[in-house]
Amino acid sequence: MKIDDLEKLENEGVENLPSEERRRFLRFGLAVTGVFVGGSVLSLTSARKAESAMGPVPAAGSFPYSPHYTMVMRQNRCIDCERCMEACVKTNNVPSYGYRTTILQQEREIARGEKERVFMPVLCNHCNRPPCVRVCPTTATYKDKKNGIVMMDYKRCIGCKTCMAACPYNARYFKEENRAVDKCNFCFDTRLSKGESTTACSAACPAGVRVFGDLTNYDSEAYKLIHTPEKVVWVLRPETGAMPNVFYMND
């Protein structure tokens, strides 16, 4: 078969390639981008140049932050018990009208006349290119230079709410008590800075939905989940170019 003929074939999908074969290519620094002709690998690229939801895949040790915090949502495990939300409110003094994390609900049809309810936990995605930071006129919202968490300096906030309008995930609210915008900061001030290894919402989840971790720690559960070859991982609203650090999957 000629190359021109091969190029006309439909890509059968990388997911159809055995995981062991994919791992073998990754060990050689190659990522599979095309699978054709009953499983034959006909398209490869450098693993370092392969694109992902957070941009180019970093080489070992080249992450922009250290630690580089992330959260993986195993969405299909969520039962909407709201323990994560309750833990967040208690830990971070969130008022009754506000939220740092929430759970969205969606009904989807699975068969004729049959529907299922799907729950989607949502919080600040601590983007690598946060729109909220770009639009803030006072630098009240900023990205921490060490760990990449998108933070709020409440003393600088003038309450213009521009960051709220710019956030692709509707993850901010205006806190009347201090007249400033508030949001999730991965419990940095209430837990991480005090020696805790995870967020309040992650610790409270009884189903293991929220997996908090460090992308620079290759032994962490979060890193392993994101980089498991046979798992499909996605982010919310990738078209915005924000490069979020919260990932979703079903397992």
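The values are calculated or read from the model by the stated rules, or taken from the named source; none is laboratory data. The structure displayed is predicted, hence computed values, not measured ones. Because the Cβ atoms are built from the backbone with ideal geometry, glycine has one as well, and the counts that use them run over all protein chains shown. Heads up: the accessible areas ignore ligands, DNA and RNA and are worked out on the full protein's heavy atoms, side chains in. Shrake-Rupley method; radii C 1.70, N 1.55, O 1.52, S 1.80 Å.
Pairs with C-alpha atoms separated by more than 25 Å, drawn from the list 145/194; 90/231; 145/231; 90/155; 145/183; 143/175, are 90/231; 145/231.
Legend: calculated FRET efficiency, residue 146 to residue 76, from the Cβ-Cβ distance at R0 = 35 Å, rounded to 0.05, equals 0.55.
Ranked by solvent-accessible area (1.4 Å probe, protein heavy atoms only, all chains present), the residues 68, 227 order from largest to smallest as 227, 68. Using a probe of 1.4 Å on the protein chains alone, the accessible area found for residue 172 is around 10 Å².
For the set 247, 119, the ranking by accessible area, highest first and with no ligand, DNA or RNA atoms included, is 119, 247 under a 1.4 Å probe.
Accessible area ranking (1.4 Å probe, heavy atoms, ligands and nucleic acids excluded), largest first, for 138, 199: 138, 199.
Compute the whole-percent fraction of alpha carbon pairs in region 128-251 spaced more than 17 Å apart.
Counting every Cα pair in region 128-251, those more than 17 Å apart make up 63 percent.
Per-residue SASA remark: residue 104, around 90 Å² accessible (1.4 Å probe; ligands, DNA and RNA not included). For residue 109, the solvent-accessible surface with a 1.4 Å probe is about 130 Å², rounded to the nearest 10. Taken one residue at a time, the phi angles of region 131-145 give Karplus couplings (6.51, -1.76, 1.60, θ = phi - 60°) of x, 4, 5, 5, 8, 5, x, 10, 6, 5, 9, 8, 9, 4, 5 Hz. Gly and Pro are set to x.
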